[in-house]
Structure formats: C-alpha cells, structure tokens
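Rule-based calculations on the coordinates, nothing more; no lab input. Note that the structure is a prediction, hence the values are computed from the model and not measured. Cβ: placed from backbone, ideal geometry, glycine included. Neighbour counts: every protein chain shown.
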Amino acid sequence: MNAVLSSRLVRARFSSQAGDYDRFARVQKRVAARLAASIEGRRLSGAALDVGTGTGELACSLRRTCPDQPLVLCDIAPGMTRYAASRIPGALAADADAQSLPFRDGVFGLVASASVYQWMNDLEAAFRESARILRSGGLFAFAFYGEGTLAELRKSHLTALREAGCGEKSYFQHFPSVADSREALLAAGLQIDDLWRETEVEWHADPGVLLRSLKRIGAQNAHVRRPRGLASRRVMLRMNEVYRREFGTEQGIPATYNVIFGLATRL
C-alpha cells in the first residue's frame, strides 16, 4: 500500500502532546477501559505488550488485572513512551513503530493496543507484526477508530470546499472498515475470536473546540499531501458554519467515533 500518512508527523505530534493527552483524551480512555474489560477473565501466560501505549492508560489496566504478568510498553512517540513508563514501575519500555516491532518471534502471550491502528498505512503488515511476536495460543486484542469516524467533520469539510469553489478533493484521513480488519487478521494468520464495532459520541461546544481538542492529543491530519490546516481560513470558517448548521443541537456539536474491537488468537 502506498504511504499516505506521515509517520514522522504522527511521531512528532503525539510526542509533543504527552503532557496534555490525558486532559483531552476522553473517548480514548473509554476505549482503553472497554478493551481491558474484554480481556478480563481470559487465561493468559507470558509477557504482555502494549503497542502504542500512549500515556499508559491500557497498560495500567493490564497491570491491575494481571499484576504478576511481565509488561512491556512501546510507542512510536518517545514522549509518550517516557510518560507511560513513569506511571508503571517495573514495566519495560521501547520506542517502536507498530508496523516494525523490535521483538523476537513468539515472545508474548498478549499483544494489546488501543487507539493506534487507524494511523497505519498498512493494516495487514501491522497485524502480521503482532502475530509474529505472539506465542502459540497467544491473544491479540485491539481497538481502533474505523470507517465513519468523525463523519460530521469530514462531511462539513467537503461541503465547505465545494461551496468555496475548491472542488471536492479532500485529504481527510481514511479509516479502515470492519471488513478491512477481518481481511487483515486472516492474512496475518490469526484466528478471529470476536470482531465488533461500537459507537462513541463526544459533544463539543463548537467545531473549533473539537479541532483544538484533537490537536491537544496529537490527532491531527497526517496525510502526506495535506494542505496547511484543513484548508484556507475561508474554507475553515465555512466548515464551522456548515458543521453547526447540519449537526448542531442544544448540546453542542457531536463528534462520532466508530470503534472497531477485535480479539484474535495465534494458533
């Protein structure tokens, strides 16, 4: 697959926002908690790896659930890796890209990841890496944002581009579907135990607050051909108007996240 997201930008933006992330990552925290709950009660052995640990929200849950299980953290963003490691005494930590993990084959009993795989240019390659480092019978557990995520923002941006005479070419981020996830899991040689989608809706006072919140967690447009910001100031202003007109309520404006959850086993 041709690269469309810049790993350099993803690394730099998330690394710089490690200190602010927990204040603004409300959906991400709920997703981590939901994923951790889906793992509870399963018989696991061997070390656990948290891929794309961020500030360590998922890793903290794993430590509480399995306090005696060796725990390793990794993230592409060094600032995040350091922050997470400081929260979890005794955990090992490494800077690593989920698409190229620096671990030997078959060394982990659990590979878990929350809010990461939407940043992959090659989902199948990333899943293959997780499968490679799992021991036989090991569990791969993940949650990430899928097709339809931030649909309100995408639609408002496209409408604003068209109304500003800029055509309809948008470099808005692509989000994988459940079908994409299933295909990537099977191609990675994993047995799918469960694969499902849940919807999270976050409310904001206005589109500007939403965009600032995304910026404060590092989740900005990382497309290699992105324009500065989403577009010109004129398009941005028009996008805000469209967003409020089409989706605004007394609660404010919604931001929808379609979360894909998966549990899979290496045979």
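Key figures for this structure:
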item	result
Linear extension gain, Thr65 paired with Arg43, 0.36 nm per residue minus alpha-carbon span	6.8 nm
Kirkwood Rh and Cα Rg combined as Rg over Rh, evaluated for the range 7-266	0.99
Nearest-0.05 FRET efficiency for Asp122 and Ser16, computed from C-beta distance (R0 22 Å)	0.30
Gain on full stretching of the segment that runs from Asp180 to Glu246 - 0.36 nm per residue minus C-alpha separation	20.8 nm
Rel. contact order, % - alpha carbon contacts under 8 angstrom, at least six apart, the range 7-266	23
Among 31-39, 253-261, 233-241, the order from most to least packed when residues are scored by Cβ within 10 Å on average	253-261, 31-39, 233-241
Share antiparallel - DSSP beta bridges, the chain, percent rounded to 5	55
Theoretical ellipticity at 222 nm over the chain - DSSP helices of four or more residues, -39500 (n - 2.57) apiece, nearest 500	-12000 deg cm²/dmol
Inter-label distance, nm, simple model (7 Å from Cα along the C-beta direction), Ser136/Val107	2.1
Relative contact order (percent, whole number), the range 1-140, Cα cutoff 8 Å, 6+ residue spacing	27
Potential extension, Ala94-Leu267 segment - 0.36 nm per residue separation minus Cα distance	59.6 nm
